[in-house]
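This report concerns only the one structure given below.
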Amino acid sequence: MDQPVTSQLRLHAYYRSSTSYRLRIALNLKGLAYETVPVDILTHAQRSPAYRAINPFAGVPALECDGQVYAQSVAVLEWLDERFADHPLLPADIEGRFAARELAMAIATELHAPLNSPVLAYLKDELGLPKDAVKKWYHTWLAKTLGGVDQRLAHRGAGDFLFAAPGLFECVLVPQLYNARRFGFDLAPYRWIERIEAACLAHPAFIAAHPDNQPDAPRGS
């Protein structure tokens, strides 16, 4: 089935933002064309009056469609699935939808919330924690939640994806693992998670969404 005719989708995003990464994956999985509008959060462009007029939460991502602006990435993922029915991110049955949401929300609330860049900057700059202490903070919460996620996957006997194809859970999982590796976290004990990550990273939608492949990513000399 063809996608509905819509206005051009514009994604305000930062290449290394995990929440921006989530939406790029979802848009690609759904086969939706979109324009990327880079927002450099390192220079605090997200706090400018011009950007706050678009997204009062002063963060990325923000998605424009049909004259509306949508923020908060998990809510946008759900909106995308309702607005564009083709290539659903959630399964049809209620138990499957709960399983995907449970795991996705564990990552979004238990990991992304305490481990995002403003929190880490506060720990370092405002509380004066040394680099090793911030890293320990990061690894502690990763181990707690990823351990639970991996157990859920083991109980389900998950394969390359949570279900037959990547969806909501994988959109949230893979960006968090990208950040985990940047912080030197060992994912080897989480074999179910690593299997899904490997399958996703070989998938065209995830390859196109990878931070290294974004227009605002630094280019080698």
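The values are calculated or read from the model by the stated rules, or taken from the named source; none is laboratory data. Note that this is a predicted model, so its numbers are computed, not measured. Cβ coordinates were reconstructed from backbone atoms using ideal geometry, including for glycine residues, and neighbour counts include every protein chain displayed.
Annotations for the structure displayed:
- Looking across segment 161-171 at every residue that is over 16 Å from Ala106 (Cα atoms) and either of a type in the set (S, T, N, Q) or buried (at least 16 other Cβ atoms within 10 Å of the Cβ) (or both), the one that is nearest to the chain's Cα centre (by Cα) is identified as Pro166.
Condition check ((1) of a type in the set (Val, Ile, Thr); (2) farther than 18 Å from His112 by Cβ; (3) assigned to a helix (DSSP H, G or I); (4) not assigned by TED's automatic domain parsing to the domain that holds Val76) across all residues:
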| position | (1), (2), (3), (4) |
| --- | --- |
| Gly148 | no, no, yes, yes |
| Pro166 | no, yes, no, yes |
| Phe169 | no, no, yes, yes |
| Glu194 | no, yes, yes, yes |
| Arg219 | no, yes, no, yes |
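- Positions within segment 82-111 being within 22 Å of Pro61 (Cβ to Cβ), of a type in the set (D, E, K, R) and outside any helix (DSSP H, G or I), in sequence order: Asp86
- Selection of first residues in segment 136-164 that are under 12 Å from Ala99 (Cα atoms) and of second residues that are part of a helix (DSSP H, G or I) and aromatic (Phe, Trp, Tyr), restricted to Cβ pairs under 8 Å at least 6 apart or on distinct chains, gives the following pairs, ordered by first then second residue: Leu153/Trp192; Ala158/Trp192; Leu162/Phe169.
- The lone exception for Trp79 - which of (1) of a type outside the set (D, E, K, R); (2) surrounded by fewer than 19 Cβ atoms within 10 Å (Cβ to Cβ); (3) assigned to a loop (DSSP other than H, G, I, E, B) it fails: (3)
- Failed criterion for Lys124 (all others in (1) of a type in the set (Lys, Arg); (2) within 27 Å of Ala198 (Cβ to Cβ); (3) over 21 Å from the mean Cα position of the chain (by Cα) hold): (2)
- Condition met for Ser73 (surrounded by 19 or more Cβ atoms within 10 Å (Cβ to Cβ), closer than 20 Å to Tyr178 by Cβ and touching a residue at least 12 places away in the same chain (Cβ under 8 Å)): yes
- Boolean, Lys135 is at pLDDT below 95, surrounded by fewer than 19 Cβ atoms within 10 Å (Cβ to Cβ) and not hydrophobic (A, V, I, L, M, F, W, C): yes
- Annotation note: of Lys144, Lys124, Lys136, the sole residue that is in contact with a Lys or Arg (Cβ under 9 Å, 6 or more places away or on another chain) and assigned to a helix (DSSP H, G or I) is Lys124.
- Among the residues examined, Pro114 does not qualify as part of a loop (DSSP other than H, G, I, E, B) and within 29 Å of Ala154 (Cα to Cα).
- Filter pass, Leu153 being more than 16 Å from Gly184 (Cβ to Cβ) and buried (at least 17 other Cβ atoms within 10 Å of the Cβ): yes
Residue-by-condition table, conditions (1) without any contact (Cβ under 8 Å) to a residue 12 or more places away in the chain; (2) charged (D, E, K, R):
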{"site": "Ala13", "(1), (2)": "no, no"}
{"site": "Tyr21", "(1), (2)": "no, no"}
{"site": "Leu29", "(1), (2)": "no, no"}
{"site": "Ser48", "(1), (2)": "yes, no"}
{"site": "Glu82", "(1), (2)": "yes, yes"}
{"site": "Glu110", "(1), (2)": "no, yes"}
{"site": "Ser117", "(1), (2)": "no, no"}
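- Residue check, Arg181 part of a loop (DSSP other than H, G, I, E, B), under 30 Å from Val37 (Cβ atoms), out of contact with any Asp or Glu (no Cβ under 9 Å at 6 or more places or on another chain) and charged (D, E, K, R): no
- Looking only at segment 172-211, and only at residues there that are touching a residue at least 24 places away in the same chain (Cβ under 8 Å) and of a type in the set (D, E, K, R), the one that is surrounded by the most Cβ atoms within 10 Å (Cβ to Cβ): Glu197
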